[in-house]
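S.K.: Can you read through this structure? Questions will come right after.
Read-outs throughout are calculated quantities, based only on the coordinates presented, and are distinct from any laboratory measurement. What you see is a predicted model; the values in this text were computed from it and never measured. Cβ: placed from backbone, ideal geometry, glycine included. Neighbour counts: every protein chain shown.
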Amino acid sequence: MAELSDVVKRLDAITALLVFLLPEPSERRSLRDQIRLFDEAGLAPSEIAKIVDSPQPAVNSELARIRGKKAKKHGTKE
């Protein structure tokens with residue numbers, strides 16, 4: 001039987017996918033925005049890479065940029 005935390009993680013991923021699908025095709029989210037949404041949903045970089053069809057090193061690099069900007073905005077280091 002799946003652990004509750006695993007179920008919650010998958011539900012978060014489904015929610016993120018729905019958010020990803022909401023915009024009209026002409027308003028498609030940027031790759032950075034997609035990666036940020038999936039990261040906030042708790043997906044691992046390898047899972048994000050598969051979903052956005054991008055190499056994992058590219059996703060890792062983008063996550064570092066996103067987290068760096070977030071840390072700088074809040075005055076902390078990650």
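S.K.: Does the range 29-73 classify as rounded, prolate or oblate by the C-alpha gyration tensor (a ≥ b ≥ c root eigenvalues; a/c under 1.5 gives rounded; else a/b over b/c gives prolate, otherwise oblate)?
M.R.: Prolate, since a/c reaches 1.5 and a/b exceeds b/c.
S.K.: Follow-up. For residue 70, go through the aspartates and glutamates and keep the ones whose alpha-carbon is under 16 Å away, minus same-chain ones fewer than eight residues off.
M.R.: The qualifying aspartates and glutamates are 33, 39, 40, 62, 78.
S.K.: Sorted by packing (mean other beta-carbon atoms within 10 Å per residue), highest first, where do 37-48, 55-66 land?
M.R.: 37-48, 55-66
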